[in-house]
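Peer 1: Here it is, the structure, as structure tokens.
The values are calculated or read from the model by the stated rules, or taken from the named source; none is laboratory data. As the structure is a computational prediction, the values presented were derived from the model and not from experiment. Methodologically, a virtual Cβ is constructed for each residue, glycine included, from the backbone with ideal geometry; neighbour enumeration extends over all protein chains shown. Each accessible area value is taken on the protein alone, full model and side chains, heavy atoms only, with ligands, DNA and RNA left out. Shrake-Rupley method; radii C 1.70, N 1.55, O 1.52, S 1.80 Å.
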Amino acid sequence: TYALALRRGDTAATTVADIEAQFFTQDGNPYTPRNYDFGYHGLVRYREALANSYNIAAVKVLEKVGVESLLRFLQETGLTTLDKPPEHYGLALTLGDAEVKLLELAQAYGMLARGGVTMPIANRLDEPALKGKKVLDEKIAWLITDILSDNAARVAEFGENSALTFDFPVAAKTGTTRNSRDNWTIGFTSRRVVGVWVGNADNSPMKNTSGITGAGPIFHDVMIAAMGNLPRLPFARPDGFVKKEICSLSGMLPTPYCPAKTLEWFIRGTEPKNPDTIWTPIKTDRRNSLIAGGLCPAEWIEEKVFAVFPPELRKWSRENGWPVPPQTYSPLCPEKSEAPPREHWLIIRKPQPYENYQLDPLIPDENEKIIFEAEADESAQTVEWLVDGEKAGIGKAPNFRYEWQPQAGHFEIMAKTPGAEEKVKIEVVLTKID
């Protein structure tokens with residue numbers, strides 16, 4: 001998935017929002033992926049997302065890449081069991097929602113080890129490597145390999161001394177299926193590919209185990225044995241790379257306000273060109289921490305730097321302790337006659353797009369309500385809710401909640417803030433249970 005995203009022009013520093021998200025299958029059924037730790041990690045770079053196996057991020061990246069493209073690419077790498085149409089797998093394909101053979105999966109990872117060239121399997125160990133087919137640019141293969149071998153990048157989820165930690169370069173990826181029926185760890189050096197599956201022969205669930213704790217230790221020991229006395233070589237980096245300093249949070253070029261920076265590899269021509277837009281200085285009135293107007297005396301002005309996230313991440317940022325930037329001017333400091341325009345935004349949180357509700361004939365209609373909730377910038381005090389263009393009611397800050405009494409049918413739900421043009425539309429399907 002990430003290799004195909006890089007092929008599209010994304011980079012290891014491209015960011016994705018690892019927050020609660022709902023997607024929809026071909027049949028219109030809601031699909032809500034969860035991370036292995038059941039948490040959300042906010043704005044993460046591809047390097048962090050892949051190294052730490054963040055599921056939600058992977059699904060969002062696949063949504064950009066396309067299931068059909070991923071399926072075709074997996075087939076090209078040698079996975080013969082993926083013989084159903086893309087809609088059969090859906091976005092969960094990136095998380096392993098498809099049966100594969102251990103040998104073929106190890107073979108597919110061998111493609112990365114061979115610089116994007118597939119690895120046909122020889123009949124005997126003493127046979128020379130067979131010639132394969134080029135399916136991925138060698139620079140993209142190296143960059144994915146670099147991420148999978150980056151111990152520092154996966155510390156957040158796996159810790160500093162996990163089973164994936166070696167004293168020589170090893171690229172590795174773990175996996176755990178639902179109910180822990182399967183553990184996987186697949187990885188490689190420049191000389192060896194090792195694939196490990198752990199599970200019960202009767203396909204019953206395992207307890208208290210995952211890819212890192214079940215298959216991981218076996219992978220670690222087998223890899224050391226497989227390498228034997230072979231030289232512990234680094235992965236050979238192809239020509240055409242540049243290393244750039246980036247702002248750790250946004251993946252963009254650092255500004256003086258960026259508190260944490262890191263170095264990242266870029267395929268030449270894809271390196272970031274724009275300065276960071278997340279970390280923003282705001283002049284505040286030190287007496288109340290609100291925005292200082294243009295005529296505020298200098299002794300009362302204090303410049304503070306805030307992380308100003310995109311709208312979809314602001315709920316997550318508040319819940320995770322990020323300071324909220326002030327939205328209003330201090331009444332103690334006169335505002336400039338030409339104040340900068342405020343940012344207006346609006347997101348419907350409930351209901352989700354294309355969500356299905358069922359009306360129960362045994363419950364009185366007046367007791368069946370669908371909850372509308374929204375999130376908006378701090379200047380909004382009320383949200384107007386409309387159903388099929390007709391006003392339904394008003395929701396008040398902070399969550400703009402409104403209880404709507406539904407009827408069977410297809411509806412368009414709209415929310416808007418008074419005096420602003422921002423609107424969000426949503427469709428809800430209701431069916432009567434007979």
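Peer 1: Pairs needed: first member in region 197-225, over 17 Å from residue 36 (Cβ atoms) and among the aromatic types (Phe, Trp, Tyr); second member anywhere, open to solvent by 30 Å² or more (accessible area, probe 1.4 Å) and assigned to a helix (DSSP H, G or I); C-beta distance under 6 Å; at least 6 residues apart or different chains.
Peer 2: Partner pairs satisfying both residue conditions: 197/102.
Peer 1: Turning to a different aspect of this structure: Could you check region 250-259 and list, in sequence order, the residues that are surrounded by 14 or more Cβ atoms within 10 Å (Cβ to Cβ) and under 24 Å from the mean Cα position of the chain (by Cα)?
Peer 2: Answer for region 250-259, where residues must be surrounded by 14 or more Cβ atoms within 10 Å (Cβ to Cβ) and under 24 Å from the mean Cα position of the chain (by Cα): 250, 251, 252, 253, 254, 258.
Peer 1: Take residue 76 and decide whether it is more than 23 Å from residue 107 (Cβ to Cβ) and surrounded by fewer than 16 Cβ atoms within 10 Å (Cβ to Cβ).
Peer 2: Judged against the criteria, residue 76 is not a match.
Peer 1: Continuing with the same structure: Could you list all residues from region 297-317 that are closer than 21 Å to residue 398 by Cβ and either in contact with a Ser or Thr (Cβ under 6 Å, 6 or more places away or on another chain) or at pLDDT below 90 (or both)?
Peer 2: 306, 308, 309, 310, 311, 312, 314, 315
Peer 1: Also, I was wondering about something else. Given the options 255, 213, name the one that is polar (S, T, N, Q) and part of a loop (DSSP other than H, G, I, E, B).
Peer 2: Exactly one residue qualifies, and that residue is 255.
Peer 1: Follow-up. Is it true that some residue in region 334-341 is surrounded by 17 or more Cβ atoms within 10 Å (Cβ to Cβ) and either assigned to a loop (DSSP other than H, G, I, E, B) or at pLDDT below 80 (or both)?
Peer 2: yes
Peer 1: Also, quick follow-up: Filter region 260-278 down to the residues that are in a loop (DSSP other than H, G, I, E, B), touching a residue at least 12 places away in the same chain (Cβ under 8 Å), of a type outside the set (Lys, Arg) and open to solvent by 30 Å² or more (accessible area, probe 1.4 Å) and list them by number.
Peer 2: 260, 270, 271, 274, 277
Peer 1: Tell me which residues, restricted to region 231-249, are of a type in the set (Val, Ile, Thr) and either open to solvent by 90 Å² or more (accessible area, probe 1.4 Å) or under 24 Å from the mean Cα position of the chain (by Cα) (or both).
Peer 2: Once the filter is applied, which keeps residues that are of a type in the set (Val, Ile, Thr) and either open to solvent by 90 Å² or more (accessible area, probe 1.4 Å) or under 24 Å from the mean Cα position of the chain (by Cα) (or both), region 231-249 yields only 246.
Peer 1: Which residue is farthest from the chain's Cα centre (by Cα), if the candidates are limited to region 369-386 and must be open to solvent by 20 Å² or more (accessible area, probe 1.4 Å) and under 15 Å from residue 350 (Cβ atoms)?
Peer 2: That would be 369.
Peer 1: Would you confirm whether or not region 82-90 contains a residue that is in contact with a strand residue (DSSP E or B) (Cβ under 9 Å, 6 or more places away or on another chain) and either crowded, with 18+ Cβ neighbours inside 10 Å or in a strand (DSSP E or B) (or both)?
Peer 2: Yes, the conditions are met somewhere in region 82-90.
Peer 1: Between a first residue in region 69-92 that is within 18 Å of residue 23 (Cβ to Cβ) and a second residue that is among the β-branched types (Val, Ile, Thr) and open to solvent by less than 20 Å² (accessible area, probe 1.4 Å), which pairs have beta carbons less than 6 Å apart while being 6 or more apart in sequence or on different chains?
Peer 2: As it stands, the answer is 91/59, since those pairs meet every condition given.
Peer 1: Taking into account only those residues within region 288-318 that are assigned to a loop (DSSP other than H, G, I, E, B) and open to solvent by 30 Å² or more (accessible area, probe 1.4 Å), which is farthest from residue 60 (Cα to Cα)?
Peer 2: The residue in question is 297.
Peer 1: Right, here's the next one. Within region 361-397, which residues are in contact (Cβ under 8 Å) with a residue 12 or more places away in the chain and assigned to a loop (DSSP other than H, G, I, E, B)?
Peer 2: 361, 368, 369, 377, 378, 379, 380, 381, 388, 389, 397
Peer 1: All but one of (1) farther than 30 Å from residue 22 by Cα; (2) open to solvent by less than 30 Å² (accessible area, probe 1.4 Å); (3) part of a loop (DSSP other than H, G, I, E, B) hold for residue 284; state the number of the condition that does not hold.
Peer 2: Against the list (1) farther than 30 Å from residue 22 by Cα; (2) open to solvent by less than 30 Å² (accessible area, probe 1.4 Å); (3) part of a loop (DSSP other than H, G, I, E, B), residue 284 comes up short only on (3).
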